[in-house]
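First up is the structure itself, then whatever we jot down about it.
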């Protein structure tokens, strides 16, 4: 656009340069969600006692096909201050159809793994991306460049297969932690809502599917009902994930991006890479385990802040031996859902290059360097790392931290030789 007369002959030409409008459309097939031979019914060899036999190892889906994504992009790029700063802003929309998900099956069907891959519906991703490159200083012996990028993302499931109203996902077969429903982001964190601890009794306050507050008393003999309404109106139905849990929080960051700084001074080079993610939640299942009152080790916060006497205001209920319900070990509760916002010092590197070398070596340059990966994380998340997930990169059960090891801090030293 900057070459067109209506721009070149206007005041815009004195401020902006290299103005370009960009747009694209494409349809892409995705087979990454399809495992090897997923369409086939498979058997594996085995033995029954000493007799060779075959066992049913995989239930296939003959109707399985690729996902398809219709991708739309519209953007504007431009420079200003004589191209000292270059910027690109773009809007994107990705319409995903024939979504491939592992559909849970009833255990009574006898299907290995109790799930079958199927084309379950559709969803979309849409948002805005901003990238900015600033050439802060560009001199003969010194340069400093900054790159900044920012993404806003909205995800929503728009359809599931006929007759399927929801898909629930588990973590390690231990607990149901996520749910996918139409009208919400994929893999929402699924928990029973709680509202702290009752100051008079020291019991956890739960909220049932009717919006009523229910207390739980583990110390009551198991032969009696341990659930009762907080308002004193009598015995309440037991709280369960199946009946009372609800989609509570989104595990997909709404905003994310990074900041890179690259500096050179004579033969020295320095790089600092930061990444960030905002407005997303993590289910801290590790916290449930550290507060579990079975014969397990507890975190020190249980000793310091658990309810001890009437009028105590705390979020940790009265400790009762063998109570694995009140702190979320039996089923996920909202007490253990935390905001995962973070800023990470992803990478720091420092190098020095030797360029004046004897010609006999036939070496153009030798660069010695040191770097550290995952140097530090700024976050209010109390778990090990807000970026990790016990379930890996699964779509159906993201954002779950169940005793997950954090990303390692790695130091490395080396040399790069260019011939």
Within region 1-67, strands (runs of 3 or more DSSP E) holding 3 or more residues that are out of contact with any helix residue (DSSP H, G or I) (no Cβ under 8 Å at 6 or more places or on another chain) and under 30 Å from residue 80 (Cα atoms): 16-30
Only listed residue being in contact with a strand residue (DSSP E or B) (Cβ under 9 Å, 6 or more places away or on another chain) and surrounded by fewer than 22 Cβ atoms within 10 Å (Cβ to Cβ), chosen from 187, 183: 183
Only one of 195, 230 that is surrounded by fewer than 16 Cβ atoms within 10 Å (Cβ to Cβ), modelled with pLDDT of 95 or more and on the phi < 0 side of the Ramachandran plot: 195
Looking only at region 23-64, and only at residues there that are surrounded by 12 or more Cβ atoms within 10 Å (Cβ to Cβ) and within 30 Å of residue 88 (Cα to Cα), the one that is nearest to the chain's Cα centre (by Cα): 30
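Take the residues in region 173-212 that are assigned to a strand (DSSP E or B) and free of Cβ contacts under 8 Å to residues at least 40 places away in the same chain; name whichever of them is farthest from residue 234 (Cα to Cα).
Step one: of region 173-212, the residues assigned to a strand (DSSP E or B) are 175-181, 188-192, 194-197, 204-207.
From the residues that got through so far, the ones that are free of Cβ contacts under 8 Å to residues at least 40 places away in the same chain too are 195, 205, 207.
Details: 195: 19, 205: 15, 207: 15 Å.
If we take residues in region 173-212 being assigned to a strand (DSSP E or B) and free of Cβ contacts under 8 Å to residues at least 40 places away in the same chain, then 195 is farthest from residue 234 (Cα to Cα).
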Complete set of residues in region 390-419 that are touching a residue at least 60 places away in the same chain (Cβ under 8 Å), more than 13 Å from residue 338 (Cβ to Cβ) and within 14 Å of the chain's Cα centre (by Cα): 390, 391, 394, 395, 396, 397, 398, 402, 404
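Residue-wise test of (1) assigned to a strand (DSSP E or B); (2) touching a helix residue (DSSP H, G or I) at 6+ places or on another chain (Cβ under 6 Å).
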| site | (1), (2) |
| --- | --- |
| 233 | no, no |
| 237 | no, no |
| 272 | yes, no |
| 287 | no, yes |
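Grab the strands (runs of 3 or more DSSP E) fully contained in region 90-146, keeping just those with 3 or more residues being over 29 Å from residue 170 (Cβ atoms).
Working: elements: 100-104, 115-119, 121-138.
By residue number, 121-138.
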Condition broken by residue 81, with the remaining ones in (1) in contact with a strand residue (DSSP E or B) (Cβ under 7 Å, 6 or more places away or on another chain); (2) surrounded by fewer than 16 Cβ atoms within 10 Å (Cβ to Cβ); (3) closer than 30 Å to residue 262 by Cα satisfied: (1)
Residue within region 233-249 that is surrounded by fewer than 18 Cβ atoms within 10 Å (Cβ to Cβ), more than 34 Å from the chain's Cα centre (by Cα), at negative phi and without any contact (Cβ under 8 Å) to a residue 24 or more places away in the chain present: yes
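Do we find a residue being in contact (Cβ under 8 Å) with a residue 60 or more places away in the chain, buried (at least 17 other Cβ atoms within 10 Å of the Cβ), in contact with a helix residue (DSSP H, G or I) (Cβ under 8 Å, 6 or more places away or on another chain) and more than 29 Å from residue 125 (Cβ to Cβ) anywhere in region 274-283? Full working, then the answer.
To start, the set of residues in region 274-283 that are in contact (Cβ under 8 Å) with a residue 60 or more places away in the chain comprises 274-283.
Right, trim to buried (at least 17 other Cβ atoms within 10 Å of the Cβ) and you get 274-277, 280-283.
From what is left, the residues that are in contact with a helix residue (DSSP H, G or I) (Cβ under 8 Å, 6 or more places away or on another chain) are 283.
From what is left, the residues that are more than 29 Å from residue 125 (Cβ to Cβ) are none.
No - not one qualifying residue is present in region 274-283.
Hey, could you check region 68-87 for residues that are touching a residue at least 60 places away in the same chain (Cβ under 8 Å) and assigned to a strand (DSSP E or B) and say which is nearest to residue 394 (Cα to Cα)? Walk me through how you get there before you give the answer.
At the first step, the residues of region 68-87 found to be touching a residue at least 60 places away in the same chain (Cβ under 8 Å) are 78-80, 82-83, 86.
Those still in the list that are assigned to a strand (DSSP E or B) too: 78-80, 86.
Values: 78: 37, 79: 39, 80: 42, 86: 36 Å.
Restricting to residues being touching a residue at least 60 places away in the same chain (Cβ under 8 Å) and assigned to a strand (DSSP E or B), the top hit is 86.
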Pair list, Cβ under 6 Å, 6 or more apart: region 135-158 residue more than 30 Å from residue 183 (Cα to Cα), other residue in a loop (DSSP other than H, G, I, E, B) and modelled with pLDDT under 95: 135/84; 141/266
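The values are calculated or read from the model by the stated rules, or taken from the named source; none is laboratory data. No experiment lies behind these values; they were computed from the predicted model shown. Note: ideal-geometry Cβ built from the backbone for every residue, glycine included; neighbour counts use all protein chains shown.
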